[in-house]
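What follows is a short report on a single structure.
The values are calculated or read from the model by the stated rules, or taken from the named source; none is laboratory data. Computed from a predicted structure; not experimentally measured. A quick note on method: Cβ atoms are made from the backbone with ideal geometry, for glycine too, and the neighbour counts reach across all protein chains shown. These accessible areas exclude ligands, DNA and RNA; they are computed on the full protein's heavy atoms, side chains included. Shrake-Rupley method; radii C 1.70, N 1.55, O 1.52, S 1.80 Å.
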Amino acid sequence: MRSAWHLAGRLVVVAAPLRLDAARALVPAPLRLLPALPGRALAMLLLGLYGEGSTLRYGELAGVVGRVLAGDRPGGLVTSIWVDDERSQAG
């Protein structure tokens, strides 16, 4: 059985358009990138600081591109992530 990962704290999200060709270079097959605007994809930078009530207390910085499709399931793709806790990195 898999346990849930709980996050409580603060999250800052900065979203910006990214050239479609640059975004496509980050998305591996079989995922499909969906444009957000003509010629642009959505890119996001996330800064999270998780504390009391979280599975672990740690900070993270992540780069995300999306929307992407995995088959018919929509989502976002984390292209890079940095965390300041080895246990979080292992999780």
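A few points about this structure:
- Rounded percent of accessible protein surface that carbon and sulfur make up, the chain, 1.4 Å probe: 57
- Exposure of D84 as accessible area (Å², to 10), given a probe of 1.4 Å and all protein chains: 110
- Calculated [θ] (222 nm, deg cm²/dmol) that DSSP helices of n ≥ 4 give over the chain, each run adding -39,500 (n - 2.57): -2000 deg cm²/dmol
- Simple point charges give the picture: +1 on the Cβ of Lys and Arg, -1 on the Cβ of Asp and Glu, and for the chain a dipole about the Cα centre of about 360 debye.
- By the Cα gyration tensor, region 1-65 has an equivalent ellipsoid whose semi-axes, rounded to whole angstrom, run 30, 15, 8 from largest to smallest.
- The residues of the chain expose on average 73 square angstrom of accessible surface per residue, using a 1.4 Å probe on protein heavy atoms.
- Per-residue ³J(HN,Hα) for region 53-62, Karplus 6.51 cos²θ - 1.76 cosθ + 1.60, θ = phi - 60°, Hz, x for Gly and Pro: x, 8, 4, 9, 9, 6, x, 9, 10, 9
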